[in-house]
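Step one of this worksheet: look at the structure below.
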Amino acid sequence: MAQKAASSHNEYRIVVVGAGGVGKSALTVMFIQGTFLTKYDPTIEDSYMKQVEVDGVACTLDIMDTAGQEEFGYMKTGQGFLIVYSITTLTSFEAVTKFRNQILRVQEDRLDIPIILVGNKKDLEEDREVPTEDGQALSEKFNCDFLEASAKTNTNVNEAFFRLVHRINKWREKHPQQAPKPKPKKKKGCSLF
């Protein structure tokens, strides 16, 4: 019985949100499969499972790659969030606050909910519209971690997911009484180990 309880504590429900076309699927697939998606195929909604080791502990990550619109069911049960924008699209950066507000509303205004802000497409410096300093400033305002990443060059992809696991662990230590909520039923997706 104790083993089952311990294993459920090592499950992490991660939700990847952001405007359309920022590379949410590319980041997720690079993390799961180690391959870069070369063509843009707007996501309906995909769910992935991956077993990883973080700080010597085996963890199962249940990752929901959202379609850029409100996914309230998954926002409600998510334990940590990657909010992704593209450094090449100012409007995607401007949408970050809307996504964070939705998360806070659905999570009942828990301001310390684990969030990592990710500026994707770092490989496209020549097309940059969002200065690194703006991402840093917004993360400080939101009291969350920030990094710039590139799914194409696999820069900071693992770091983003692993850092979120660390944030979730810290959150769990501060809120041990709050048991994880049940997961919503998955419509489609694939499991990869």
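Only the coordinates and a few stated rules stand behind these numbers; no lab work does. Since this is a predicted model, take the numbers as computed values, not measurements. Cβ: placed from backbone, ideal geometry, glycine included. Neighbour counts: every protein chain shown.
Below, the figures for the structure above:
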quantity	calculated
Unit charges at the beta carbon, dipole of the stretch 11-174: most positive-side option, Y12, I83, T155	Y12
Too-long pairs where the Cα-Cα distance tops 20 Å, listed order kept, from K24/K122; K98/K141; K50/K98; K24/K121; K98/K174	K50/K98; K98/K174
K76/E125 FRET efficiency (R0 41 Å; Cβ-Cβ; nearest 0.05)	0.65
Inter-part distance where the stretch 159-178 and the stretch 95-134 are each reduced to a Cα centre, Å	18 Å
